[in-house]
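The values are calculated or read from the model by the stated rules, or taken from the named source; none is laboratory data. What you see is a predicted model; the values in this text were computed from it and never measured. Note: ideal-geometry Cβ built from the backbone for every residue, glycine included; neighbour counts use all protein chains shown.
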Amino acid sequence: MIMPAKKVSEKKTALTKIDTSKSVWVHSLFTDYDIDLFLVGKHFRLYEKLGSHLTTVAKTKGTYFAVWAPNAIKVSVSGDFNDWNRDSHALNKRWDKSGIWEGFIPNLSKGEVYKYFIKGFDESEHLKGDPYARRWEHPPQTASIVWDTDYTWKDKSWLAKRAKINALDQPISVYELHLGSWERDPDNPERVLNAREVAGRLVPYVKEMGFTHVELMPVMEFPYFPSWGYQITGYFGASSRYGSPQDLMYLIDELHKANIAVILDWVPSHFPGDRHGLYEFDGTHLYEHADMRKGFHPDWKSYIFNYDRNEVRSFLISNAIFWLDQYHADGLRVDAVASMLYFNFSRKDGDAATNEHGGAENLGAIRFLQDLNVAIYGNFDGVQTIAEESSTYPGVTHPVYAGGLGFGMKWMMGWMNDTLKYFKVDTLGRKHHHNQLSFSMTYAFTENFMLPFSHDEVVHGKSPMLYKMPGDEWQKFANLRALYGYMFTHPGAKLLFMGNEFGDTNEWNFTQSLDWHLLQYAPHKGMQETVKALNFLYRKEPALYHFNFSYEGFEWLDADNANESVFAFMRKGPKAKDTLIIVLNFTPVVREHYRIGVPFKTKWKEIFNTDDIIYYGSGINNRGDIIPVKEGCNGQQYSVDITLPPLAVVVFKSK
């Protein structure tokens with residue numbers, strides 16, 4: 001049974017009288033109940049107990065410290081306040097089986113820099129940052145900072161309506177971004193703007209573009225900037241690269257006031273081996289598996305959490321709860337789920353461990369992910385968890401009670417790969433690859449899928465989205481507009497990485513701002529206007545979102561016209577009048593008098609066209625009312641005669 005992640009009892013375990021003559025006073029925030037939950041892996045608000053906490057004891061202000069180091073023989077707090085003395089402020093080990101060291105240091109205030117000095121059972125010495133620190137020094141410095149997450153939130157109205165807005169039957173269009181490179185200081189391009197500074201331009205931009213969500217690449221503290229934040233050392237600390245914790249809270253608050261939901265990238269799959277971090281924390285493999293077949297990731301040269309250990313599961317689930325609770329995040333996108341699920345992920349046969357049944361599945365990780373989703377959905381209204389999961393593991397978005405992992409959504413990696421392969425093909429050859437686009441509908445509703453064109457697709461020599469497209473300059477832009485038109489009319493939630501919306505001509509570079517100057521050129525401005533219009537079309541038309549994850553919302557009209565590279569399908573909403581007809585022409589040939597079946601006798605009207613001149617298209621469209629005739633086509637009683645623009649997606653709706 002999953003225990004609730006609500007605040008536990010404030011009743012404290014009885015302690016001896018405080019000796020105020022000592023440098024560290026005996027004091028505890030833990031109750032016996034806290035310890036019981038921690039030891040069985042069910043304490044999901046450990047951040048209220050472990051770490052450093054500004055408090056008052058015996059009418060004296062100071063800081064309480066608590067750290068889990070069960071195999072240490074000595075733990076002390078070392079920092080600027082005691083000239084980094086490793087002996088003067090030793091913590092007390094609890095008398096129970098928790099392995100927690102704790103104590104109160106009087107007159108130690110907010111902003112103090114510190115680390116834990118830990119002596120292992122083998123006399124090894126380690127100087128570690130606090131796993132639960134709320135703030136860290138700016139890299140390359142590695143110490144923790146006594147801080148709080150106090151903030152006066154102004155998003156009460158957002159939280160009250162979040163459950164409706166963030167539901168799976170609502171439009172979900174995500175703008176993925178990296179805070180360090182969306183925009184740099186215009187007066188000093190080397191300087192990374194903090195989250196508060198970014199908010200002034202980011203929030204109105206996202207609102208104007210019509211995105212419903214932003215997804216922030218990891219904002220937790222990390223030592224190596226080229227890792228983009230995916231190798232975390234400070235799981236509870238907002239990265240100092242982006243300012244203070246309160247600066248990040250301000251950004252989230254401003255997004256909420258603009259009715260924009262916030263998803264945070266979260267990385268429970270691995271962590272780096274930096275000496276100040278979690279690796280060999282108390283001189284032993286505490287957070288990671290001791291068996292390196294399970295505890296070391298060969299691709300990323302990082303360490304894998306020991307999901308079989310109760311205290312580690314409590315740490316990770318508490319961390320997820322922390323960002324939803326303290327930072328008001330509306331969702332978590334969980335990175336590299338496939339690497340967690342399988343021991344043989346990126347390992348050769350014979351180099352991987354097996355589970356107790358001889359299989360490749362990591363049963364501890366599966367249990368952890370199920371516990372995680374039950375805890376999150378059981379304690380927060382209107383949040384979503386999203387799995388970046390690239391395998392064929394069944395039931396990622398199915399309920400835990402039905403044997404699934406319990407996620408709200410899963411990235412549709414197969415759709416992304418097949419779609420990009422298709423669009424990279426010269427238009428003359430696309431007829432030989434027709435099924436690469438139609439195939440997605442054979443499995444589109446097996447999970448709650450999100451369609452991602454993420455940062456991973458525009459780095460490491462993969463080229464920017466624009467230059468994946470074949471043809472001359474005009475055709476490249478037309479192809480990309482058509483690609484986005486296809487994406488926004490295909491079932492599923494949407495995700496687009498920053499810069500993709502205006503056709504950036506460079507791969508993403510985390511060391512500099514996006515190429516915003518490109519918007520002075522008509523093709524790029526037209527691309528941006530296309531994405532904006534698609535977002536608002538998506539949000540306006542229930543047929544494009546209400547049945548995002550159900551067969552009820554989709555019906556093929558023509559999936560087999562490979563020779564002309566034309567597709568046609570219907571999207572359906574809760575009412576018949578919501579029905580849309582979408583026709584896709586993926587060749588540069590204008591097709592006049594193209595007949596397509598329609599389900600109703602009523603007049604039809606073109607409501608969107610990626611070839612519109614305002615998008616830098618050729619301006620070929622279907623003007624005025626389109627009158628059906630009783631001539632069967634595509635399995636429908638009625639049909640219409642339309643013109644298909646070149647390399648375009650056209651949307652029709654009955655009047």
Can you list the helices (runs of 4 or more DSSP H) lying wholly within region 242-354 that have 3 or more residues being in the same structural domain as R134 (by TED's automatic domain parsing) and within 26 Å of G180 (Cβ to Cβ)? none
Output for region 24-46, where each listed residue is buried (at least 16 other Cβ atoms within 10 Å of the Cβ) and in a loop (DSSP other than H, G, I, E, B): V24, V26, H27, S28, L29, F30, T31, G41, K42, H43, F44, R45
Here are G471, G395: which of them is at positive phi and touching a residue at least 60 places away in the same chain (Cβ under 8 Å)? G471
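Per-residue answers, yes or no, for (1) out of contact with any helix residue (DSSP H, G or I) (no Cβ under 6 Å at 6 or more places or on another chain); (2) of a type in the set (F, W, Y); (3) modelled with pLDDT under 95; (4) assigned to a strand (DSSP E or B):
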| position | (1), (2), (3), (4) |
| --- | --- |
| Q170 | yes, no, no, no |
| E176 | yes, no, no, yes |
| E190 | yes, no, yes, no |
| L193 | yes, no, no, no |
| L202 | yes, no, no, no |
| E208 | yes, no, no, no |
| P226 | yes, no, yes, no |
| Y230 | yes, yes, no, no |
| G237 | yes, no, no, yes |
Residue that is crowded, with 17+ Cβ neighbours inside 10 Å and among the basic types (K, R), where the choices are R184, R201: R184
Which of (1) out of contact with any strand residue (DSSP E or B) (no Cβ under 6 Å at 6 or more places or on another chain); (2) of a type outside the set (A, V, I, L, M); (3) surrounded by fewer than 16 Cβ atoms within 10 Å (Cβ to Cβ) is the odd one out, the single condition E501 does not satisfy? (3)
Among residues of region 77-129, those that are closer than 25 Å to P245 by Cβ, among the acidic types (D, E) and not in a helix (DSSP H, G or I), counted: 2
In region 631-655, what residues are part of a strand (DSSP E or B), within 24 Å of T610 (Cα to Cα) and of a type outside the set (V, I, T)? S639, D641, L644, A648, F652, K653, S654
Strands (runs of 3 or more DSSP E) wholly inside region 401-517 that include at least 1 residues being touching a Gly at 6+ places or on another chain (Cβ under 6 Å), among the aliphatic types (A, V, I, L, M) and at pLDDT 95 or above: 449-453
Where the second residue is at pLDDT below 95 and among the small types (G, A, S) and the first is farther than 27 Å from G111 by Cα and lies in region 62-75, which pairs have Cβ atoms under 8 Å and are six or more apart or on separate chains? none
Within region 47-76, track down each residue that is over 18 Å from R135 (Cβ atoms) and aliphatic (A, V, I, L, M). V57, A58, A69, A72, I73, V75
I614 being touching a strand residue (DSSP E or B) at 6+ places or on another chain (Cβ under 6 Å), within 30 Å of Q520 (Cβ to Cβ) and surrounded by fewer than 16 Cβ atoms within 10 Å (Cβ to Cβ): no
Please state which one of L248, L264, L216 is at pLDDT 95 or above, crowded, with 22+ Cβ neighbours inside 10 Å and out of contact with any helix residue (DSSP H, G or I) (no Cβ under 6 Å at 6 or more places or on another chain). L216
I need every pair where a residue in region 321-348 that is under 17 Å from R367 (Cα atoms) has its Cβ under 7 Å from the Cβ of a residue that is aliphatic (A, V, I, L, M) and assigned to a strand (DSSP E or B), sequence separation at least 6 or different chains. V334/I386; V334/A387; V337/A387
